[in-house]
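The next block holds one structure in the form of structure tokens; read it before the comments.
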Amino acid sequence: MQPLPKEPAVSYHALEKAARVLRPFVRIYFPFHGLSDADFMHYFPLLVTVESSVYQIDEGYEKNITADEFDPRPMDMLVDYLDRKDLLDAAITEELENALHYYRLEHAMCGGKAFSHEDVLLASRFRCYDIRVLHRLLYRVREQPYNEEILEVFRIGEVLGELEDDIRSYKEDSSRNVFNTYSMLVRLHGAEGKAQFQGFLDDLDAQLQAQRVNFPKLVALWETYRAKSPAPDLPEPILPGTTR
């Protein structure tokens, strides 16, 4: 008798964090694809398994963030699951390879190794891999070809959303020594890190607004979400010797 395949094992904490991501995902991505809230239950097992697995992977990497060597194995759980579900195509594999690149960069930055401004921006872009995998899976299970132009516009909003989360969690992330774009830019540039971070935000916002002509519905969806969850104010940078 063949052994039963191993399914991803995730914590309750990972499920809680996944739920916080899936709410805006359903609110923004589903309408764009002609789906409603009622359709969520049809895709529930796949989306919840993938997103909670991502947070379980995050926990695994964060526990070893100061280890001497980077261990890529936590990602194997998600790769194996998608492969067994026959959902692992070249595009999704690339997204997961970008994810590993992000985790390597995070491990280096939080482990005290030298890093560059470009490293921080690249990590910020690759960090959104979970949403990109979910989005591609939505195409896959509906047997629709990828629209790379639309996926690219969504990427801009995804990075913007992550940066706004970085503002909200800036103090906590700084104390926990996990990747936060604002925290890393302050670590690299000192007080100038605030202007560098704001410039990154402004550039992404300009890129998104430039898509209004070609993708007005997509930009409108993002702005509707922003109206309900407005961007927080950018706090002053936490510099060495200052009170957190």
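The values are calculated or read from the model by the stated rules, or taken from the named source; none is laboratory data. Since the model is a prediction, treat every value here as computed from it, not as a measurement. Because the Cβ atoms are built from the backbone with ideal geometry, glycine has one as well, and the counts that use them run over all protein chains shown.
Which one is nearest to the chain's Cα centre (by Cα), of the residues in region 169-217 that are farther than 21 Å from residue 115 by Cβ and aliphatic (A, V, I, L, M)?
208
So, in region 119-143, of the ones that are in contact (Cβ under 8 Å) with a residue 60 or more places away in the chain and surrounded by fewer than 16 Cβ atoms within 10 Å (Cβ to Cβ), which residue ends up farthest from residue 57 (Cα to Cα)?
So the residue we want is 142.
Scanning for something surrounded by 12 or more Cβ atoms within 10 Å (Cβ to Cβ) and either in a loop (DSSP other than H, G, I, E, B) or in contact with a Gly (Cβ under 8 Å, 6 or more places away or on another chain) (or both), does region 196-209 turn up at least one residue?
Yes; the residues of region 196-209 include at least one that is surrounded by 12 or more Cβ atoms within 10 Å (Cβ to Cβ) and either in a loop (DSSP other than H, G, I, E, B) or in contact with a Gly (Cβ under 8 Å, 6 or more places away or on another chain) (or both).
Has region 119-126 got at least one residue that is at pLDDT below 95 and within 19 Å of the chain's Cα centre (by Cα)?
Checking region 119-126: not a single residue is at pLDDT below 95 and within 19 Å of the chain's Cα centre (by Cα).
For residue 22, state whether it is modelled with pLDDT of 85 or more, of a type in the set (A, V, I, L, M), in contact with a Phe, Trp or Tyr (Cβ under 9 Å, 6 or more places away or on another chain) and not in a helix (DSSP H, G or I).
Numbers: modelled with pLDDT of 85 or more: yes; of a type in the set (A, V, I, L, M): yes; in contact with a Phe, Trp or Tyr (Cβ under 9 Å, 6 or more places away or on another chain): yes; not in a helix (DSSP H, G or I): no.
It is false that residue 22 is modelled with pLDDT of 85 or more, of a type in the set (A, V, I, L, M), in contact with a Phe, Trp or Tyr (Cβ under 9 Å, 6 or more places away or on another chain) and not in a helix (DSSP H, G or I).
Does residue 137 satisfy the condition of being more than 24 Å from residue 237 (Cα to Cα) and not β-branched (Val, Ile, Thr)?
Values: more than 24 Å from residue 237 (Cα to Cα): yes; not β-branched (Val, Ile, Thr): yes.
So residue 137 fits the description; yes.
Picking from 31, 45, which residue would you name as being touching a helix residue (DSSP H, G or I) at 6+ places or on another chain (Cβ under 8 Å), modelled with pLDDT under 95 and assigned to a helix (DSSP H, G or I)?
31
Name every residue in region 60-89 that is part of a helix (DSSP H, G or I) and either in contact with a strand residue (DSSP E or B) (Cβ under 9 Å, 6 or more places away or on another chain) or at pLDDT 90 or above (or both), in order of residue number.
So the first thing to find is which residues in region 60-89 are part of a helix (DSSP H, G or I), and the list is 60-63, 73-84.
Selection gives 75, 76, 78, 79, 80, 81, 82, 83, 84.
Based on this model, can you work out whether residue 155 counts as within 18 Å of residue 32 (Cα to Cα), within 19 Å of the chain's Cα centre (by Cα) and free of Cβ contacts under 8 Å to residues at least 40 places away in the same chain?
Spelling it out, residue 155 is indeed within 18 Å of residue 32 (Cα to Cα), within 19 Å of the chain's Cα centre (by Cα) and free of Cβ contacts under 8 Å to residues at least 40 places away in the same chain.
Does at least one position in region 192-201 carry a residue that is at negative phi, in contact with a His (Cβ under 7 Å, 6 or more places away or on another chain) and hydrophobic (A, V, I, L, M, F, W, C)?
Applying the first criterion (at negative phi) to region 192-201 yields 192-201.
The next check asks that each one be in contact with a His (Cβ under 7 Å, 6 or more places away or on another chain); those that pass are 196.
Cutting the leftovers down to hydrophobic (A, V, I, L, M, F, W, C) gives us none.
Scanning region 192-201, I find no residue that is at negative phi, in contact with a His (Cβ under 7 Å, 6 or more places away or on another chain) and hydrophobic (A, V, I, L, M, F, W, C), so the answer is no.
Identify, please: which residue in region 169-182 is touching a helix residue (DSSP H, G or I) at 6+ places or on another chain (Cβ under 7 Å), in a helix (DSSP H, G or I) and touching a residue at least 60 places away in the same chain (Cβ under 8 Å) and is, among those, surrounded by the most Cβ atoms within 10 Å (Cβ to Cβ)? Break it down into steps so the answer makes sense when it comes.
Step one: filter region 169-182 for residues touching a helix residue (DSSP H, G or I) at 6+ places or on another chain (Cβ under 7 Å), giving 170, 173-174, 177-182.
Among the residues that remain, those that are also in a helix (DSSP H, G or I) are: 170, 173-174, 181-182.
Going one step further and asking which of them are touching a residue at least 60 places away in the same chain (Cβ under 8 Å), we end up with 170, 174, 181.
Values: 170: 23, 174: 18, 181: 26.
Here the residue is 181.
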